[in-house]
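Worksheet: the structure to be examined is printed underneath.
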Amino acid sequence: MMRLRTEVLRPVCVFGALCVGLYVHAQPAPQQPAAQPPWPAMQMPAPTPNDTLKSVEVEPDRRVRFRIWAPNSTEVKLHAEGPEATPGVTPQEINKYMAGVPLTKGDQGIWEATIGPIEPGVYRYTFTVDGVSTTDPRNPLTSQSLTHAFSMYEVPGSDFTEYKTAVPHGAISTVYYDSSATGGERRMHVYTPPGYENGSARLPVLYLLHGGGDSDDSWPTVGRAGAILDNLIASGKAVPMLIVMPAGHISTEFRLTPGVRMGHDAFNDDLVKVVLPYIDGHYRTIADRDHRALAGLSMGGLQTLNIALDNSADFAYVGVFSSGWFPNSIKEEQDTDVAQYRASGKPFRLFWVDAGKYDIALQNSHATVAILKDAGINVEEHESGGFHAWPSWRDYLHQFAAMVFKSSEAH
């Protein structure tokens, strides 16, 4: 049987090999791919004056030159912060800048204007080109607001707001979280002091609120909160702390509408019921009122007032910058937030208020302080020489941060 099987299979194998060979030889030869046309040479844009343009230059005398290339435009204006920081400047002089500084067009289509001298610090600016507002396309430094962005420039020499190479630096993180108070995802910025990542100590927390029309990106950028705390901590003037900078608006709509009480919306619950637990759950904090501070500027100052009075069990230190209740809302505030504090409020260790001589909120601030004092709150009130502007608010943070988490007596 084995022999018979071998004999039968052998011709089958030969026949199979023959068939395969015939099949292979029957196939057409593979087609060669058609030659592809060569790639066209890359066309580079023609050189323009914009390629090497230095759009912002700070001169040795602290005058600042701004430039933008707009060869086909007919009108360009500069809207820049900075003049308001000039010592002795008057509101009338500042008003000249409100409508924008006209730029002059040069031969190559480069528009130029110079302002100053400008006091050392960080400032925002935009251009208006033929009626359209735009950031500086040649400057990557920006600061976000609620609905748009600003470019930024810096005049060196501001000791407490500069990031210095000899000073240890903390970190500022962008944090996204889900909010049951507002519904949906929200964003905040969190400053942690130098060495936090490798440490184990629990730290106090300052919750720092921005003003109307700005965003949670404002204090970290134009507000220089990180540099201010780095320098204070390095000099021993402030204790190491976290700074939480949340988004104070709950939508992109911001209007001073009659009947709307600024500082009374879902943000208050977002801060107290969502952000506080989030921070205590994700960072090494000392989770009690004696190690929490709350401060804010302008709209954020109104939010600070209302949240602090309603939640004095959560915050022992309060800072109100350039803010105060509007005259038409004082009666309602007295009947609600102030009344609640009178009934069940805890004494504050520090209640610090400051507004500038030319601040649009100065009179509101004075009236609010009188109400707070009548409610039994020991308010430390100051009046600086500035305007309703970032130079004042950076200075207020510098002062306030050096005082919190040190007092042992309640006011």
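Report every pair of residues separated by at least 6 positions or lying on different chains whose Cβ atoms are under 6 Å apart, first residue within segment 259-288 and at positive phi, second surrounded by 15 or more Cβ atoms within 10 Å (Cβ to Cβ).
Close Cβ pairs satisfying both conditions: G263/L302; G263/Q303; G263/N306.
In the list I330, I307, I360, I377, which residue meets the criterion of being closer than 30 Å to E119 by Cβ and of a type outside the set (D, E, K, R)?
I360
So A234 passes all but one of these: (1) farther than 24 Å from H388 by Cβ; (2) under 20 Å from the mean Cα position of the chain (by Cα); (3) surrounded by fewer than 22 Cβ atoms within 10 Å (Cβ to Cβ). Which condition number does it fail?
The one condition A234 does not meet is (2).
Among the residues of segment 314-360, count how many are more than 26 Å from H398 (Cβ to Cβ) and buried (at least 21 other Cβ atoms within 10 Å of the Cβ).
So the answer is 3.
Among the residues that make up segment 255-266, is at least one of them among the charged types (D, E, K, R), assigned to a loop (DSSP other than H, G, I, E, B) and modelled with pLDDT of 95 or more?
No - not one qualifying residue is present in segment 255-266.
Restricting the search to segment 107-139, which residues are out of contact with any Ser or Thr (no Cβ under 9 Å at 6 or more places or on another chain) and either at pLDDT 95 or above or aliphatic (A, V, I, L, M) (or both)?
Within segment 107-139, I110, T114, I115, Y123, G131, V132 meet the criteria.
Looking only at segment 60-89, which residues are surrounded by 10 or more Cβ atoms within 10 Å (Cβ to Cβ) and free of Cβ contacts under 8 Å to residues at least 40 places away in the same chain?
Correct list: P71, P83, T86, V89.
Given the conditions (1) farther than 19 Å from R394 by Cα; (2) within 27 Å of the chain's Cα centre (by Cα), and given that G82 satisfies all but one, which numbered condition is not satisfied?
(1)
Going through segment 368-379 one residue at a time, which ones are within 30 Å of R124 (Cβ to Cβ) and either modelled with pLDDT under 95 or surrounded by fewer than 23 Cβ atoms within 10 Å (Cβ to Cβ) (or both)?
Selection gives V369 alone.
The values are calculated or read from the model by the stated rules, or taken from the named source; none is laboratory data. Computed from a predicted model, the values in this text were never measured in an experiment. Because the Cβ atoms are built from the backbone with ideal geometry, glycine has one as well, and the counts that use them run over all protein chains shown.
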